[in-house]
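Written out below as structure tokens is the structure these notes cover.
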Amino acid sequence: MKELLIVGGLFTAAVIYSNRPNHPFIKTIKSTIAPDSFPLKPGDNNEMVANVQKALINLGGEYSNLVMAGGGVNGEFNEQTAQALKRAGFIGNISKMDYQKLITNNQALRNIAYVIDVDGTPIYSGVSDSHIPNYGYGRDLIMKLPCKTHLGTATGNFRNGMVEIATNINSRRVKFWVPTSKTGMLSQAEYDAMKSTRVLPKSDEAKMKLLKV
């Protein structure tokens with residue numbers, strides 16, 4: 001591994017892709033809300049909870065990190081989602097008014113992913129539907145990243161505690177999966193600022209292995 005200026009990052013974020021209409025991180029439910037849907041509470045698992053999680057990720061900071069650590073946008077009103085809501089000022093169950101306030105909040109879209117740890121974060125070419133001892137949910141391990149680095153654009157697909165990432169390498173579109181607990185999210189402006197002010201590790205080995213996926 002050798003350090004280079006992050007000109008475009010390890011995996012260049014696809015700006016056009018992330019800003020296209022109906023992106024998974026910014027869409028909200030289109031169906032009519034049933035009168036008995038509220039309040040949303042711990043233990044619920046539905047699309048409205050998923051929309052709340054998207055909104056919390058777009059708030060950034062500790063709110064986003066908590067939701068990602070809990071599995072990302074999975075529709076499960078779990079402990080991490082409850083903690084994120086509490087820190088955002090929403091105590092207890094979520095009323096219809098609180099829900100509308102959250103999902104209509106015009107925050108910067110945060111869907112550019114990066115590795116937040118430096119302890120060998122694994123990246124996978126796919127995610128299975130069941131857990132296998134000493135193997136986890138991922139299948140076909142590509143490699144383990146020993147450094148903090150940018151990954152690409154989150155597609156909005158989450159499964160079993162992992163998030164799917166899409167990026168362009170040598171004009172080729174590549175997708176892979178990374179554990180949500182190891183992944184942070186940035187807006188385009190935050191990404192641009194980090195590119196211009198930091199020297200981050202760049203992995204030629206990672207690029208070559210991804211091109212073989």
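No lab work stands behind these numbers, since they all come straight from the coordinates. Keep in mind that what you see is a predicted model, and the values were worked out from it rather than measured. Virtual Cβ from ideal backbone geometry, glycine too; neighbours counted across all protein chains shown.
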What aspartates and glutamates sit close enough to LYS144 to cross-link, taking a C-alpha to C-alpha distance under 14 Å and skipping anything fewer than 8 places away on the same chain?
-> ASP117, ASP119, ASP204, GLU205
Between the modelled labels at THR197 and LYS96 (7 Å from Cα along Cα→Cβ) the distance in nm is 4.3
Take the alpha-carbon centre of segment 146-161, take the same for segment 110-124, and report the distance between them in whole Å.
-> 6
Between their Cα atoms, which of LYS96/LYS148; LYS86/LYS182; LYS96/LYS182 are more than 28 Å away from each other?
-> LYS96/LYS148; LYS96/LYS182
Nearest-0.05 FRET efficiency for ALA189 and ILE116 at R0 = 22 Å, using Cβ-Cβ distance, is 0.75
Calculated FRET value between LYS209 and ASN45, using beta carbons and R₀ = 41 Å, to 0.05 | 0.70
What is the set of long-range amide H partners of LEU145 at a cut-off below 5 Å, with H atoms built 1.01 Å from backbone N?
-> THR121, ILE123
Taking the convex hull of Cα positions in segment 35-108, its mean projected area over all directions (nm²) | 4.2
Sequence-distant or interchain residues sharing an amide H contact under 5 Å with GLY126, placed H: which?
-> ARG139, TRP177
